[in-house]
Amino acid sequence: MLKKDAVVEGTACGTYWHEADARAVIETWRQSGETLAAFARRRGLNRRRLVRWVSRLRASEPAPLQFHPVRVTGEDTSGRRAAAIEIDLGPSRRVRVTSGFAIEDLRRVLAVLEEVPPC
């Protein structure tokens with residue numbers, strides 16, 4: 001906690017906050033259990049600056065991944081060609097899987113896509 005307190009105290013005096021410093025201050029505030037106004041007052045921080053940083057950092061967080069349930073009903077014996085599956089991963093990121101794909105290949109592709117930030 002001492003290191004975080006030092007960051008908060010050092011940040012309080014500065015006119016410009018780096019994102020890492022702002023994250024440390026916001027994390028310290030959240031762990032304190034205090035209201036934002038009480039935390040700012042006790043630490044000599046500008047409450048409005050804290051509010052702006054909370055909003056700014058929240059906006060920069062990526063949206064959580066959401067998975068939709070899928071039900072596999074068994075092998076298609078109708079003789080028809082199965083339709084392709086499209087997986088939409090966000091702006092300009094889509095994976096199309098055709099029938100007969102190897103599941104391990106799909107796992108490797110998805111693992112790579114999880115590591116690569118969107119363009």
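The table that follows gives values for the structure above.
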| quantity | calculated |
| --- | --- |
| Matching helices (runs of 4 or more DSSP H) fully within the range 1-80 where at least 1 residues are at pLDDT 90 or above and touching a helix residue (DSSP H, G or I) at 6+ places or on another chain (Cβ under 9 Å) | 19-32, 36-43, 47-60 |
| Matching option when the condition is modelled with pLDDT of 70 or more and touching a strand residue (DSSP E or B) at 6+ places or on another chain (Cβ under 6 Å), among Glu86, Glu114, Glu104 | Glu86 |
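The values are calculated or read from the model by the stated rules, or taken from the named source; none is laboratory data. Note that this is a predicted model, so its numbers are computed, not measured. Ideal geometry is used to build each Cβ from the backbone, glycine not excepted, and the neighbour counts take in all protein chains shown.
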